[in-house]
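In what follows, a structure is listed as structure tokens, so that the remarks can point back to it.
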């Protein structure tokens, strides 16, 4: 470490110190909308670690200076048009997802209780088979699905758009049930 003129050691950190806001956090201007934080152009105060480790490196925010605020204001109209077009596409996707249904096979007892459960990863895999790309965190379940039947699951596509997806949980076809079907036909 380098010594300063007064003989004290100076600290060379990885990040430059960010100016503190009135509540002890860091004031940032959001360049893009961030879920659970704010929309584009908002001045928010966050913890320094959240600013240094996520918002600033991802390009989601910048320091709240007059220059950055003017830049966001000049680009706001163009970005609003882009956001409206993106929102229209997401609404179309939500309409097509609402018309879809996903069938998931699972091992179950004769009473209809599953040996395991059906969760978000299985639903995402079923949607991928139908050529829909959805992430696991977009699937909103109230709890794991533990019985056979029809369920309505919310898919969170945008902060303003949710889609309802029909999920059928059916028992897996076993060899024993296929043999019983063959013998009932009289072809055994």
Q.
Yes or no: the range 119-137 includes at least one residue that is within 30 Å of residue 44 (Cα to Cα), in contact with a strand residue (DSSP E or B) (Cβ under 7 Å, 6 or more places away or on another chain) and in the same structural domain as residue 41 (by TED's automatic domain parsing).
A. no
Q | Subset of the range 38-55 [over 20 Å from residue 22 (Cα atoms) and out of contact with any strand residue (DSSP E or B) (no Cβ under 6 Å at 6 or more places or on another chain)] | A | 39, 53, 54
Q.
Given the options 85, 61, name the one that is at pLDDT 85 or above, surrounded by fewer than 14 Cβ atoms within 10 Å (Cβ to Cβ), under 22 Å from residue 160 (Cα atoms) and outside the structural domain of residue 133 (by TED's automatic domain parsing).
A. 85
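Out of the residues in the range 64-82 meeting the condition of being in contact with a strand residue (DSSP E or B) (Cβ under 8 Å, 6 or more places away or on another chain) and over 21 Å from residue 36 (Cβ atoms), tell me which one is surrounded by the most Cβ atoms within 10 Å (Cβ to Cβ).
Restricting to residues being in contact with a strand residue (DSSP E or B) (Cβ under 8 Å, 6 or more places away or on another chain) and over 21 Å from residue 36 (Cβ atoms), the top hit is 68.
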Q | Residues satisfying the stated conditions in the range 152-165, i.e. buried (at least 18 other Cβ atoms within 10 Å of the Cβ) and at pLDDT 90 or above | A | 153, 155, 163, 165
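The values are calculated or read from the model by the stated rules, or taken from the named source; none is laboratory data. No experiment lies behind these values; they were computed from the predicted model shown. Methodologically, a virtual Cβ is constructed for each residue, glycine included, from the backbone with ideal geometry; neighbour enumeration extends over all protein chains shown.
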